[in-house]
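Colleague: Before we start, here is the structure in question, set down as structure tokens.
The values are calculated or read from the model by the stated rules, or taken from the named source; none is laboratory data. Note that the structure is a prediction, hence the values are computed from the model and not measured. Here the Cβ positions follow ideal geometry from the backbone for every residue, glycine too, while neighbour counts run over all protein chains shown.
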Amino acid sequence: MKPHLLTALVLVGSASLASAADITGKVSLKGTPPAEITIDMASFSDKTCAAAHSQPVTTRHYVVSKDGGLANVLVYIKSGLEGKKFPTPAEGPVLDQVGCLYEPYVMGVMVNQKFKIKNSDATLHNVHATPKINTEFNFAQPTKEQVNERGFDKAEVPVRFMCNVHPWMFAYVGVFDHPYFAVTDKDGNFKISGAPNGKYTIAAYHPKTHRDGPGVSKEINVNGDTKVDFTVELK
Amino acid sequence: MTRTKENRWLGRYALLTAAATLALICLGGLVTSHGAGMAVPDWPNTFGYNLFFFPISKWVGGIFYEHTHRLVASGVGLLTAVLAVWLWCKESRRWLRWLGVLAFFAVALQGVLGGLRVVLFKDEIGIFHAALAQLFFVLTCSIALFTSRWWSDAPSLKSARPDDGGLRPLFLFATLLIFAQLILGATMRHQHAGLSIPDFPAAYGRLWPALDAESVARYNQDRVEVNAINPITAFQIVLQMTHRIMALAILLLVARAAWLANWRLGPHHPLAKVSGAWLGLIVGQVFLGAATIWTRKSADIATAHVAFGALSLMTGAMLVIIAFRCLMPAPRREAVRAKLTPLAPEPGIASDVHV
């Protein structure tokens with residue numbers, strides 16, 4: 001690489017780092033969610049699943065902390081980055097199948113970012129992605145530790161993954177054309193790192209509450225580290 | 001090659017094919033009820049294996065339903081192919097021979113549709129697949145009826161009587177309505193959205209549920225399902241309400257048809273007997289529809305609902321066929337007059353219908 005080109009790249013990189021900010025906050029649930037249902041793995045024909053759990057497993061529609069923090073919410077910059085290009089990370093996250101459950105339940109990837117889909121169970125799973133904008137796929141993972149790589153070429157929130165062998169297995173993957181997204185933790189907290197300063201619409205999308213809807217959004221002006229909280233309200 | 005109308009074993013074989021078709025419809029119902037249609041991602045192979053050599057040890061979860069459905073479908077395909085050849089070689093009625101050919105092409109198309117549903121990811125194909133299954137069942141039952149001893153021997157069929165009560169159009173209309181109802185049901189099931197209305201006889205506690213966007217969002221937020229189902233929409237709620245209204249209309253129509261057949265033809269006439277059984281099926285079907293909701297769409301109950309739907313359609317279709325053979329269209333004036341006077345039962349009429 002020529003020296004002057006390298007210098008230019010370093011300068012650009014430094015400038016972008018100088019303007020990078022963290023967007024943090026918390027998503028809270030307002031309202032009383034319906035009780036989760038226990039998944040009856042014991043009476044299922046595939047005994048591998050029940051054997052993997054010592055405690056009863058329930059659905060994960062509303063994972064709420066004691067102080068109302070809502071987990072598994074995709075928080076992302078919805079607008080304000082138009083026309084900008086962002087490099088696709090070489091490494092992608094892993095969507096694992098453990099104890100006949102998808103882990104994580106909600107995650108995000110970038111457009112064209114290859115991510116790994118793994119089977120950690122000693123049983124057969126079929127990995128069935130059911131996007132509405134991207135191309136649907138369905139393939140088998142019959143062996144333990146099998147890993148396949150997949151990606152999506154269009155932004156879409158969310159893409160549902162399911163396993164038709166074990167019908168209670170499903171997960172959601174948000175696909176973004178930028179790297180500024182996060183998923184809330186068990187306390188409802190999130191952190192989007194390295195966002196450039198600017199004026200954005202930032203959205204919080206909870207797969208159960210906002211299914212097929214836009215989620216909730218706020219206008220924010222990022223100029224250094226910024227805090228923004230959301231409230232997801234049950235109707 | 002000797003062709004004749006008297007093929008007792010052919011008739012029995014056609015009945016076997018029809019029974020296998022009903023079993024196949026039940027298995028198809030289980031596949032959809034368990035959300036297992038995509039559990040085997042490839043077709044015509046099964047996880048890369050030849051369909052017939054897929055190890056039994058791997059028949060678990062959703063794979064069991066989908067793979068069994070494919071195997072039984074292959075069996076029905078084989079039965080139908082043999083039926084078509086048998087009809088072609090031994091049946092003297094030309095139109096019935098071609099009915100066998102039609103059945104063969106229908107079952108082949110049905111198999112291809114089932115496969116395309118899997119590899120093309122199209123729910124719409126699933127709806128068509130379900131509707132064609134019902135028609136194919138009617139077709140195999142029709143062949144069983146036409147090849148039965150009852151069809152060729154019944155003395156009443158040789159002296160058709162006037163359809164004074166308008167039974168022929170009534171049977172036909174009710175049967176067409178049942179078929180429309182089955183398509184509605186298949187559309188609901190293949191949306192993979194679970195129960196769009198979770199209560200019965202009320203609908204979200206009301207006579208007619210609220211359909212505005214906020215209410216539908218609330219319905220979706222409130223329901224917690226174990227399976228990965230799609231969110232419900234206002235369209236799906238309207239679809240289920242239409243299904244309920246049509247069920248009531250069918251119940252009333254079939255009750256009228258059964259009463260009319262009994263009154264006009266006498267309780268021993270085959271049409272009166274079969275339409276009485278038809279009414280029993282419809283009553284059972286209404287109960288199963290309600291039970292499907294009360295049990296939160298239990299797979300067994302929902303599948304029984306599918307099976308009773310198929311039997312209801314088939315019975316209606318057989319009644320139409322028999323009525324169009326037994327009853328002549330009545331002149332309009334006579335029909336009006338005759339409605340006021342019940343007819344005495346015909347002496348010597350065949351009363352045991354082997355369909």
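Colleague: Pairs, please: C-beta under 7 Å, at least 6 apart or cross-chain, first residue closer than 16 Å to residue B:181 by Cα and in region B:289-302, second among the hydroxyl-bearing types (Ser, Thr, Tyr)?
Modeller: Matching pairs, first to second residue: B:302/B:33; B:302/B:292.
Colleague: Say whether the condition of being touching a residue at least 24 places away in the same chain (Cβ under 8 Å) and in contact with a Gly (Cβ under 9 Å, 6 or more places away or on another chain) is met by at least one residue in region B:52-63. Before the answer, list the steps.
Modeller: Taking region B:52-63 and keeping what is touching a residue at least 24 places away in the same chain (Cβ under 8 Å), we get B:61-63.
Filter once more, so that each one left must be in contact with a Gly (Cβ under 9 Å, 6 or more places away or on another chain): B:62.
Yes, some residue in region B:52-63 is touching a residue at least 24 places away in the same chain (Cβ under 8 Å) and in contact with a Gly (Cβ under 9 Å, 6 or more places away or on another chain).
Colleague: Across region A:77-111, what is the total count of residues that are among the hydrophobic types (A, V, I, L, M, F, W, C), closer than 18 Å to residue A:141 by Cα and either outside any strand (DSSP E or B) or touching a strand residue (DSSP E or B) at 6+ places or on another chain (Cβ under 8 Å) (or both)? Reasoning before the result, please.
Modeller: First, pick out the residues of region A:77-111 that are among the hydrophobic types (A, V, I, L, M, F, W, C): A:77, A:81, A:86, A:90, A:94-95, A:98, A:100-101, A:106-107, A:109-111.
Next cut, closer than 18 Å to residue A:141 by Cα only: A:94-95, A:98, A:100-101.
Next, from what is left, pick out any that are either outside any strand (DSSP E or B) or touching a strand residue (DSSP E or B) at 6+ places or on another chain (Cβ under 8 Å) (or both): A:94-95, A:100-101.
The total comes to 4.
Colleague: When the residues of region B:265-312 are narrowed to those that are under 19 Å from residue B:172 (Cβ atoms) and hydroxyl-bearing (Ser, Thr, Tyr), which ends up surrounded by the most Cβ atoms within 10 Å (Cβ to Cβ)?
Modeller: By that ranking, first place goes to B:275.
Colleague: Take the residues in region A:106-122 that are touching a Lys or Arg at 6+ places or on another chain (Cβ under 8 Å) and touching a residue at least 60 places away in the same chain (Cβ under 8 Å); name whichever of them is farthest from residue A:76 (Cα to Cα).
Modeller: Going through region A:106-122, the residues touching a Lys or Arg at 6+ places or on another chain (Cβ under 8 Å) turn out to be A:111, A:114-115, A:117, A:119-122.
Cutting the leftovers down to touching a residue at least 60 places away in the same chain (Cβ under 8 Å) gives us A:111, A:121-122.
Numbers: A:111: 14, A:121: 32, A:122: 35 Å.
Among them, the one singled out is A:122.
Colleague: Go through (1) touching a residue at least 60 places away in the same chain (Cβ under 8 Å); (2) at the interface with another protein chain (Cβ under 10 Å from one of its Cβ atoms); (3) of a type in the set (S, T, N, Q) one by one and return the number of the condition residue A:138 breaks.
Modeller: (1)
Colleague: Among all residue pairs at least 6 apart or on different chains, which show Cβ distances below 7 Å where the first residue, located in region A:220-235, is away from chain B (no Cβ under 14 Å) and of a type in the set (Val, Ile, Thr) and the second is assigned to a loop (DSSP other than H, G, I, E, B) and surrounded by 12 or more Cβ atoms within 10 Å (Cβ to Cβ)?
Modeller: A:220/A:228; A:222/A:197
Colleague: Being part of a helix (DSSP H, G or I) and either facing chain A (nearest Cβ under 7 Å) or among the aliphatic types (A, V, I, L, M) (or both) is the filter here; which residues of region B:32-77 pass it? Quick ask: steps written out before the conclusion?
Modeller: If we filter region B:32-77 for residues that are part of a helix (DSSP H, G or I), which is where we start, we get B:32-33, B:51-53, B:56-58, B:61-77.
Of everything in region B:32-77, those that are part of a helix (DSSP H, G or I) and either facing chain A (nearest Cβ under 7 Å) or among the aliphatic types (A, V, I, L, M) (or both) turn out to be B:51, B:56, B:58, B:61, B:62, B:63, B:64, B:71, B:72, B:73, B:76.
Colleague: Here is a list: A:181, A:161. Which entry is at pLDDT 95 or above, within 21 Å of residue A:200 (Cα to Cα), among the hydrophobic types (A, V, I, L, M, F, W, C) and buried (at least 21 other Cβ atoms within 10 Å of the Cβ)?
Modeller: Numbers: A:161 fails: within 21 Å of residue A:200 (Cα to Cα).
Going through A:181, A:161 in turn, the sole match is A:181.
Colleague: Another one. Only one of (1) within 13 Å of the chain's Cα centre (by Cα); (2) surrounded by fewer than 22 Cβ atoms within 10 Å (Cβ to Cβ); (3) small (Gly, Ala, Ser) fails for residue A:129. Which number is that?
Modeller: (1)
Every residue, every condition in (1) exposed (fewer than 15 other Cβ atoms within 10 Å of the Cβ); (2) without any contact (Cβ under 8 Å) to a residue 40 or more places away in the chain; (3) part of a helix (DSSP H, G or I), yes or no:
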position: B:191; (1), (2), (3): no, no, no
position: B:199; (1), (2), (3): yes, no, no
position: B:208; (1), (2), (3): yes, yes, no
position: B:224; (1), (2), (3): no, yes, no
position: B:228; (1), (2), (3): no, no, no
position: B:248; (1), (2), (3): yes, yes, yes
position: B:252; (1), (2), (3): yes, yes, yes
position: B:258; (1), (2), (3): no, yes, yes
position: B:261; (1), (2), (3): no, no, yes
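Colleague: For the list (1) under 28 Å from residue B:144 (Cα atoms); (2) crowded, with 16+ Cβ neighbours inside 10 Å, I need the number of the one condition that residue B:112 fails.
Modeller: (2)
Colleague: Continuing with the same structure: Only one of these is assigned to a helix (DSSP H, G or I), in contact (Cβ under 8 Å) with a residue 60 or more places away in the chain, within 22 Å of residue B:306 (Cα to Cα) and of a type in the set (S, T, N, Q): B:134, B:110. Name it. Spell out the reasoning first.
Modeller: Values: B:110 fails: in contact (Cβ under 8 Å) with a residue 60 or more places away in the chain.
After applying the criteria, what remains is B:134.
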